[in-house]
Amino acid sequence: MRVTNVAASLEDDATELSASIDGYRLWYRFPNTFAPRVNGNAFLVACLLPAMARGETLDLEPSATVCPQLLQNLDLIQDVFVAWGPVLRIPFRRIDIKANVATVDSKPHTVGSFFSGGVDGTYTLLRHRDEVSHLIFVKGIDMQLTNDHLYKEVWESNAEFARTIAKPIVPVSSNVRFFGRAHQCPWPAFFGSGLASIAHAIGLSKIFVASGMFYADLEPHGSHPLTDPLWSSASLAVEHDGADARRIEKLRSIAGFEPALKILRVCWQDKTYNCGRCEKCLRTMIQLRVLGVDAPTFPKLIDLQSVRRLRIWEDIELDFVRESLAIANQGHDTPLRNALKSCVWRNELRRLMRRTDEIAFSGRISKLREQLRAKLSSPKH
Amino acid sequence: MRISNVDVRDVNDGVRLSANIDDFTLWFHFPWVHQDEIRADGLIAALLIPAMVAGQPLVFTQPIPHSPKLLQGTSKIQSIFHSWNPVFRKIAIEAGPAVAPPERNGVASFFSGGLDGTFTFLRHSDELQYVILINGFDFSCDTATFVKSVDRNRCFAERFGKILLPVQTNYIELGKKLRLSRAASYGGLLASIALNIGLRKTYIASAYGYVDMPPQGSHPMLDHLWNTETSELVHDGTEASRTEKISLISSNEAALTNLRVCWRDINENCGECSKCLRTMIALRLLNQDERLSFPRRTTLADVRRFAVTDDSSRGFAADNLALAERTGNKKIAALLRSSIRKYDLRRLAVDYDQLFLGGLTRSVRSWFRSRMKPEDAPDIWPSAHGH
């Protein structure tokens, strides 16, 4: 995997840092207030996991120098992701990196926190409000790059929030998420390195990456307290924050700050601000109801059948529902409590049945179901 | 938890560090220490987790200096432990002046001839000067047994030009007093010993992999948080599977001969317990001579006898199964596959019981436990879910 044509260009009031990765143009666009630094750190961080997924040497052109401390950290990153590969279902292999080394300065005292109005990012920002100097709002992470209408709506909400807390908000856009996906690294496995590469591109001195997991429920994941700090260099400290608080505790904390509650957004469906129907929206609505909080950006949770029938695919998401049930058990909302119990029970049964199939039948039942499904959905001639 | 009468003095055969922890006297015996002053760092590391489980602030009654970097690290250590199991409460630490320790010398690793420690030793052999062997924590044996272990491991270390540092302590008694499992406290204890000796860098061998790593006192997320400005703790070997470790060890005859994994005896491998059996199976699959460190060659009966009883032993069985498949040993592979399957089916039965019967079997066990005497109560583990 070759990284070439690393360049920075100025356009109006924005800088673009870009490179060609075997012909794929990877770019980061940010305001001119951050002077461009042409170096290889952002591209080293963005390309490592894709190169490992392909088992290819990562070769950066001579002028794309990288930080020696970052290079050393990536040795451990490689160990971790190779071990995690089978769980993440990506065939990561250890690879060689060819790059020239040099340190690069960051813009001093620029402490960023990724922010899009979501639960984790808002919690981290409020917790480190005194230290954070810039909110980093990225187009191309939780919405499509082409969704200008939704971007405008979200940007305006977030900008108003930033004015309320008297912090500058930095609009950034990048196709790094799509680069990962095009190179066998879907976002859940890639987003720690993807976000870190953005921070390297901008040239911050520190970046907070808000945790999506709780310490007691950690799993191999693209963003993890073990790996996020390893994307740091001598000039950029990457800090994974918030793994010591459960999601419902974070939401409770945000509910106590009205400007944040007013703009709360979790949806990734790219349709509206919060669609109110997807799994992310539903579990946030569940938690809001458990806490007895009304958020103006969400419809009230009335349809408890949708809660009972909620299909949970990841253990971590079932943990969020369990958190809600634990709180609901202490309250008086009996219909919600029963709906949550039913949801947890159904999903645990599904998991048990999948495990039974794997252990007792070597996965034959699910294979048979897939074949039947394919047959029934194929067009009849 | 008040720490008083912190004392470091030369004794006949080394240096003794002691302190009163309320009404308990904690002591360590070192062959030597690098330090010219009494510092709180080692005691903070040893006592943080016990103080958390006791729910009491750690208060030093003497104005002895501590490392500001270490104190900062303890904040995160507490967050992690408290998240793992809320029984570990966050506590305040009241220590003397914040003064970074002076420059340190020496690179060491903890070592007892076991699998993980030997792997780390071989891997960092060029860098190491010392190996540290502890009595009074993971095992607490009589003097004669410990002397035998010291002699054996000293011979081994000297073959590689390294110096063995035997350390003795009564820390195990403090753990028993608080019902604190060794799994929860051992990271802090190892850090304490490294900081008390005053080493620049100390390796702690990892017992788990990155995927199956449970909440444990020594953990890649934790060990570096015990660092001071001049001493570093390094969690090592997590990326290597057990069979990779055994493979490296078996390529070195001295290491293989010195290998001691046994639950029952620190100086001889019994060849019967689960730790011995899983290691013997791996050696047989690697076509190594188990008799260099075990009483006999491995038989298929040994493979049948290796019981998969929990997730940890399942992991070892799965590791050996992968090795058996790679090396084409179909008989051993079939036996291991069968053991793993039986365990998985038993686990499924327990989980179905939990789901459909509300955990009837667990309720019965809990009722039984409530009738246990306090001294029979289980130890406190890092995870709220138990082991």
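The values are calculated or read from the model by the stated rules, or taken from the named source; none is laboratory data. Note that the structure is predicted; figures quoted are calculated from it, not measured. Here the Cβ is made from the backbone with ideal geometry for all residues, glycine too, and neighbour counts use every protein chain on show. The protein model used for the area step is the full one, side chains on, heavy atoms only, and it has no ligands, DNA or RNA in it. Shrake-Rupley method; radii C 1.70, N 1.55, O 1.52, S 1.80 Å.
Exactly one residue out of A:V80, A:V119, A:V132 is within 14 Å of chain B (Cβ to nearest Cβ) and open to solvent by less than 10 Å² (accessible area, probe 1.4 Å), and it is A:V80.
A single member of A:V87, A:V104, A:V111, A:V80 is within 20 Å of the chain's Cα centre (by Cα) and modelled with pLDDT under 95, and it is A:V87.
Name every residue in region B:29-78 that is open to solvent by 20 Å² or more (accessible area, probe 1.4 Å) and closer than 18 Å to B:H224 by Cβ, in order of residue number. B:P68, B:K69, B:L71, B:Q72, B:S75, B:K76 - these are the residues of region B:29-78 that are open to solvent by 20 Å² or more (accessible area, probe 1.4 Å) and closer than 18 Å to B:H224 by Cβ. When we screen A:R346, A:R369 for residues that are within 14 Å of chain B (Cβ to nearest Cβ) and of a type outside the set (S, T, Y), the only hit is A:R346.
For region B:106-118, the set of residues classified as under 17 Å from B:S206 (Cβ atoms) and not in a helix (DSSP H, G or I) consists of B:A108, B:S109, B:F110, B:F111, B:S112, B:G113, B:G114, listed by residue number.
Restricting region B:212-237 to residues that are touching a Ser or Thr at 6+ places or on another chain (Cβ under 7 Å) and touching a residue at least 40 places away in the same chain (Cβ under 8 Å) leaves a set whose member that is nearest to the other protein chains (Cβ to nearest Cβ) is B:P215. Scanning region B:206-263 for residues that are assigned to a helix (DSSP H, G or I) and of a type in the set (K, R), we see that the one that is surrounded by the fewest Cβ atoms within 10 Å (Cβ to Cβ) is B:R242. Does A:E239 count as within 11 Å of chain B (Cβ to nearest Cβ), open to solvent by 20 Å² or more (accessible area, probe 1.4 Å) and in contact with a strand residue (DSSP E or B) (Cβ under 6 Å, 6 or more places away or on another chain)? Spelling it out, A:E239 is indeed within 11 Å of chain B (Cβ to nearest Cβ), open to solvent by 20 Å² or more (accessible area, probe 1.4 Å) and in contact with a strand residue (DSSP E or B) (Cβ under 6 Å, 6 or more places away or on another chain). State whether the residues of region A:157-168 include one that is of a type in the set (S, T, N, Q), farther than 26 Å from A:A7 by Cα and within 14 Å of chain B (Cβ to nearest Cβ). Among the residues of region A:157-168, not one is of a type in the set (S, T, N, Q), farther than 26 Å from A:A7 by Cα and within 14 Å of chain B (Cβ to nearest Cβ), which makes the answer no.
Test A:L251 against the stated conditions and say whether it is without any contact (Cβ under 8 Å) to a residue 40 or more places away in the chain and either buried (at least 21 other Cβ atoms within 10 Å of the Cβ) or of a type in the set (A, V, I, L, M, F, W, C) (or both). Against the criterion (without any contact (Cβ under 8 Å) to a residue 40 or more places away in the chain and either buried (at least 21 other Cβ atoms within 10 Å of the Cβ) or of a type in the set (A, V, I, L, M, F, W, C) (or both)), A:L251 does not qualify. Going by the structure shown, is A:G194 open to solvent by less than 10 Å² (accessible area, probe 1.4 Å), modelled with pLDDT of 95 or more and part of a helix (DSSP H, G or I)? The answer is yes for A:G194. Against the numbered list (1) modelled with pLDDT under 95; (2) in contact with an Asp or Glu (Cβ under 8 Å, 6 or more places away or on another chain); (3) within 14 Å of chain B (Cβ to nearest Cβ); (4) part of a helix (DSSP H, G or I), A:A216 comes up short only at (2).
When region A:38-63 is filtered for residues that are surrounded by fewer than 23 Cβ atoms within 10 Å (Cβ to Cβ) and either in a loop (DSSP other than H, G, I, E, B) or of a type in the set (K, R) (or both), the ones remaining, listed by number, are A:V38, A:R54, A:G55, A:E56, A:T57, A:E61, A:P62, A:S63. Of the residues in region A:133-145, how many are under 19 Å from the mean Cα position of the chain (by Cα) and either acidic (D, E) or in a loop (DSSP other than H, G, I, E, B) (or both)? Within region A:133-145, residues that are under 19 Å from the mean Cα position of the chain (by Cα) and either acidic (D, E) or in a loop (DSSP other than H, G, I, E, B) (or both) number 6.
Among the numbered conditions (1) out of contact with any Gly (no Cβ under 9 Å at 6 or more places or on another chain); (2) modelled with pLDDT under 95, the only one that A:I202 does not meet is (1). Residue selection: B:N267 satisfies the criterion of being out of contact with any Pro (no Cβ under 8 Å at 6 or more places or on another chain) and over 24 Å from B:R200 (Cβ atoms).
Residues considered: B:D151, B:D116. Of these, the only one that is open to solvent by 10 Å² or more (accessible area, probe 1.4 Å), closer than 27 Å to A:L218 by Cα and more than 14 Å from chain A (Cβ to nearest Cβ) is B:D116. The set of residues in region B:119-144 being surrounded by 15 or more Cβ atoms within 10 Å (Cβ to Cβ) and either in contact with a His (Cβ under 6 Å, 6 or more places away or on another chain) or part of a helix (DSSP H, G or I) (or both) consists of B:F119, B:T120, B:F121, B:L122, B:R123.
For region A:89-106, give me each residue that is within 12 Å of another protein chain (Cβ to nearest Cβ) and either assigned to a strand (DSSP E or B) or within 15 Å of A:S193 (Cα to Cα) (or both). Once the filter is applied, which keeps residues that are within 12 Å of another protein chain (Cβ to nearest Cβ) and either assigned to a strand (DSSP E or B) or within 15 Å of A:S193 (Cα to Cα) (or both), region A:89-106 yields only A:F92.
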